[in-house]
Amino acid sequence: MKTRPNYLAGAAACFWLVIVGVPVYSLLSAALQPQDTYTNNGPLALPSKLTWANFDTVLNSGFPGYLWNTLVVAALTVALVLLFGVPISYAVVRGRGWWSRGVFRIFLLGLAIPSQAVVIPLFLIVNRLGLYDSLWGIALPTAAFALPVTVLVISGGMREIDSSLYEAMALDGAPPARVLWDLVIPLSRSGIATASVFAALQAWNGFLFPLIMTQSEGSKTVTLGLYNFVSQYSANVPALLAAVLLSAVPILVVYLFARRALVAGLVGAGGK
């Protein structure tokens, strides 16, 4: 049976391609143009001259150090989120008492608390712990605010595990720790991958906690390093966009490798 082409869907796809493609083209074009050419021609004009000088400017401005700091903060955040989120989710799913439902509701309540509302108490706590102006001072509150979504996503995936598998492990005399390690974690890889990517994105794009919790140049992250290309009265837009492009590459690579698990984990979060 011959199907008729769907011109409306094709037009909608082309329209969406333009919406997505124009910002990407503007970013790449500006990052490869000299500043004077970009200023004279505008962001959407075809580049008349290409240069790698903007990337040299970025790499010679200390930006690789900011990338490294951001990578460390993201790794610490993901490690903390998984260290606490996986066992908490397991306890919520397998618990039968009122306390498991209460813990889950407390974490859901955390979704409604904006970080801006508690940034001053968090600053005082971090300062009292002696972690101010350190990468740990950024990672700890970032992980705390990523935990509610982590518990929601991972517990949703764990609920999809058939109860007969738990019963089989119990008949074998497996303790809860072995059930978690041998059964639950391998079957919850999609939810764990989703939570990891989400926590890494939160840490990579975070601005408020690096701004409040640090002050020295050696503790700056990518989001703060972008300010090096902005002055009071002007901005080096091509160098700024080159820095944005460099900062987006690592997290884009992570997403490309984890996209299937990310989609599967989000689907599992909406399960039973």
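The values are calculated or read from the model by the stated rules, or taken from the named source; none is laboratory data. Since we're looking at a predicted model, the values are computed, not measured. Neighbour counts are summed over all protein chains in view; Cβ atoms, including those assigned to glycine, are modelled from backbone coordinates with ideal geometry. Only protein heavy atoms, including side chains, enter the accessible area calculation; ligands, DNA and RNA are left aside. Shrake-Rupley method; radii C 1.70, N 1.55, O 1.52, S 1.80 Å.
Residues to consider are 104, 145, 84; find the one that is farther than 19 Å from residue 180 by Cα and either at pLDDT below 90 or within 23 Å of the chain's Cα centre (by Cα) (or both). Exactly one residue qualifies, and that residue is 145. Within segment 1-51, which residues are open to solvent by less than 90 Å² (accessible area, probe 1.4 Å) and either touching a strand residue (DSSP E or B) at 6+ places or on another chain (Cβ under 6 Å) or modelled with pLDDT under 80 (or both)? Result: 5, 41, 42, 43, 45, 47.
Residue selection: residue 65 fails the criterion of being without any contact (Cβ under 8 Å) to a residue 40 or more places away in the chain and open to solvent by less than 60 Å² (accessible area, probe 1.4 Å).
Per-residue answers, yes or no, for (1) assigned to a helix (DSSP H, G or I); (2) under 21 Å from residue 161 (Cα atoms); (3) open to solvent by 60 Å² or more (accessible area, probe 1.4 Å); (4) modelled with pLDDT of 90 or more:
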| position | (1), (2), (3), (4) |
| --- | --- |
| 113 | no, no, yes, no |
| 121 | yes, no, yes, yes |
| 126 | yes, no, no, yes |
| 132 | no, no, yes, yes |
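Restricting attention to segment 171-210, which residues are over 21 Å from the mean Cα position of the chain (by Cα) and basic (Lys, Arg)? Across segment 171-210, the qualifying residue is only 178.
Considering segment 171-199, and only residues there that are part of a helix (DSSP H, G or I), open to solvent by less than 70 Å² (accessible area, probe 1.4 Å) and of a type in the set (Gly, Ala, Ser), the residue that is modelled with the lowest pLDDT turns out to be 190. When segment 227-247 is filtered for residues that are aliphatic (A, V, I, L, M) and either over 25 Å from residue 39 (Cα atoms) or at pLDDT 85 or above (or both), the ones remaining, listed by number, are 239, 240, 241, 242, 243, 244, 245, 246.
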